[in-house]
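Below is one structure; the comments refer to it alone.
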Amino acid sequence: MHPNPPVQVRLQVLQPVACPYLPGRVETIRAVMASAIDADIYRAFMDAGFRRSGRMIYQPVCEACQECVPLRVDVGGFLPSDSQKRCVKKNRDLTVTWATPKLTDEKLDLYGRYVRDWHQRPDEAESTKLESFLYDSPTDTLEFEYRDLAHALLAVGICDISDTSLSSVYFYFDPAHKRRSLGTFGAVYEIEWARQRGLTHYYLGYWVRDCKAMAYKASFEPHELMDQDGRWIRPRL
């Protein structure tokens, strides 16, 4: 069972493709293209199990699999773990700024190195998709830039924002600095940024239990998972 969208839209079921999370499985999504969408309506879409990629608002509807589980963090109740605190201390030399997303050659170069060295994918083909994948947004979006003392760009976080929530759309970083655990630092920073502005939830997209790359999402406590009836529930520890 898949929760229905919060407003009436015509959803198109796309052709199945290889699952990006679990080897040997097939992914099927239903989606709608949005030229513009109110930030609070998009938050309601996330509360129905949807995410976005560029202007596409989508939801997994795989017939034989229910492993993509939406996860959100309780911003007000969040307490960093000991390892997350160590990660913050390790990155205290970084400066973080935020603004309207703007694609630059510097970011294209960083993203190219990220997909090539971290995900082992061809960087040239991937970089050409970056603008439509992340920077062409139909809703209110912010871009966080993480720089070192030499002003070198080490990481970029793309987040959608509403009156009550911040949603992490994507985070890419320089694999040469993997010891910094920049992905973890970015999430902790963005949760604190949301807390200071009175936002209640930080959406981390889909958590997949058997996907090692997704395991980190469940380390941000307290968090809620969406059950098959579309209800947010606090998992038992």
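Miscellaneous remarks
- Among the residues of the range 5-41, the one identified as hydroxyl-bearing (Ser, Thr, Tyr) and open to solvent by less than 40 Å² (accessible area, probe 1.4 Å) is Thr28.
- Any chance Gly112 is in contact (Cβ under 8 Å) with a residue 40 or more places away in the chain and of a type in the set (Gly, Ala, Ser): no
- Search result, residues across the range 121-148 that are modelled with pLDDT of 90 or more, touching a helix residue (DSSP H, G or I) at 6+ places or on another chain (Cβ under 8 Å) and either part of a strand (DSSP E or B) or surrounded by fewer than 18 Cβ atoms within 10 Å (Cβ to Cβ) (or both): Asp140, Phe144, Tyr146
- So Asp82, is it open to solvent by 40 Å² or more (accessible area, probe 1.4 Å) and over 24 Å from Trp207 (Cβ atoms): no
- The one condition in (1) modelled with pLDDT of 95 or more; (2) surrounded by fewer than 19 Cβ atoms within 10 Å (Cβ to Cβ); (3) part of a helix (DSSP H, G or I); (4) of a type outside the set (Val, Ile, Thr) that His151 fails to fulfil: (3)
- Meets criteria (open to solvent by 20 Å² or more (accessible area, probe 1.4 Å) and either touching an Asp or Glu at 6+ places or on another chain (Cβ under 8 Å) or of a type in the set (Phe, Trp, Tyr) (or both)) for Asp47: no
- Screening Ala99 against (1) of a type outside the set (Phe, Trp, Tyr); (2) within 20 Å of Gly157 (Cβ to Cβ); (3) surrounded by 13 or more Cβ atoms within 10 Å (Cβ to Cβ) leaves a single unmet condition, (3).
The values are calculated or read from the model by the stated rules, or taken from the named source; none is laboratory data. Computed from a prediction, not measured in an experiment: that's the story for all the values here. Cβ atoms come from the backbone with ideal geometry, glycine included; neighbour counts cover every protein chain shown. When the accessible area is computed, the model is the full protein with side chains, heavy atoms only, and any ligands, DNA or RNA have been set aside. Shrake-Rupley method; radii C 1.70, N 1.55, O 1.52, S 1.80 Å.
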